[in-house]
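Contents: one structure, followed by commentary.
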Amino acid sequence: MEEFRPIIADSVVITLINNRRIKLEDFTQSHGGWYLKEHRRKVFYAAYETRKNETITHPLFKYKLTFRRAIELQVRLLAKYLTGEIDKYTPLTIR
């Protein structure tokens, strides 16, 4: 999960803030934390799903796939590493 946090989740959050689609008044404070209000959560989830459907070229295999598919592929690679089928796990990096 951590290898996808900056390229999917953090990217969505930063884009929404930079484009002023999420603002300070879209949050509410409760139980010691800050939470997005319902109408802005829908904006976040829509942007998150859009990002997961974006196409990239996998740096190891050199073919195009969505981030959604890349997550599945990386999980399979990690499983192969953990079971000893491959010697090295290569995390997904872009750029």
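The values are calculated or read from the model by the stated rules, or taken from the named source; none is laboratory data. Bear in mind that the values here come from a model prediction, so they are computed numbers and not experimental data. Don't worry about glycine lacking a Cβ; one is built from the backbone with ideal geometry, like all the others, and counts go over all protein chains shown.
Among the criteria (1) touching a strand residue (DSSP E or B) at 6+ places or on another chain (Cβ under 8 Å); (2) β-branched (Val, Ile, Thr); (3) over 28 Å from THR90 (Cα atoms), the one ILE17 does not fulfil is (1).
Considering only residues that are assigned to a helix (DSSP H, G or I) and either under 15 Å from ALA47 (Cα atoms) or among the polar types (S, T, N, Q) (or both), which ones fall in the range 7-30? Please lay out each step first, then the result.
So the first thing to find is which residues in the range 7-30 are assigned to a helix (DSSP H, G or I), and the list is 7-18, 24-26.
Hits for the range 7-30 are ILE7, ILE8, ALA9, ASP10, SER11, VAL12, VAL13, ILE14, THR15, LEU16, ILE17, ASN18.
For the range 57-68, enumerate the residues that are at pLDDT 95 or above, closer than 20 Å to ARG5 by Cβ and in contact with a strand residue (DSSP E or B) (Cβ under 9 Å, 6 or more places away or on another chain). Matches in the range 57-68: LEU65, THR66, PHE67.
Return the residue satisfying two criteria in turn: it lies in the range 48-95 and is of a type in the set (Phe, Trp, Tyr) and in contact with a helix residue (DSSP H, G or I) (Cβ under 6 Å, 6 or more places away or on another chain), and of such residues it is surrounded by the fewest Cβ atoms within 10 Å (Cβ to Cβ).
Restricting attention to the range 48-95, the residues satisfying the condition of being of a type in the set (Phe, Trp, Tyr) are 48, 61, 63, 67, 81, 89.
With in contact with a helix residue (DSSP H, G or I) (Cβ under 6 Å, 6 or more places away or on another chain) added as a condition, the list becomes 48, 67, 89.
On the way: TYR48: 16, PHE67: 18, TYR89: 13.
Once the filter is applied, the top-ranked residue is TYR89.
Checking TYR35, TYR45 one by one, the residue that is free of Cβ contacts under 8 Å to residues at least 24 places away in the same chain, of a type in the set (Phe, Trp, Tyr), out of contact with any strand residue (DSSP E or B) (no Cβ under 7 Å at 6 or more places or on another chain) and surrounded by 11 or more Cβ atoms within 10 Å (Cβ to Cβ) is TYR45 and no other. Does ILE22 count as over 14 Å from THR93 (Cα atoms) and of a type in the set (Val, Ile, Thr)? Spelling it out, ILE22 is indeed over 14 Å from THR93 (Cα atoms) and of a type in the set (Val, Ile, Thr).
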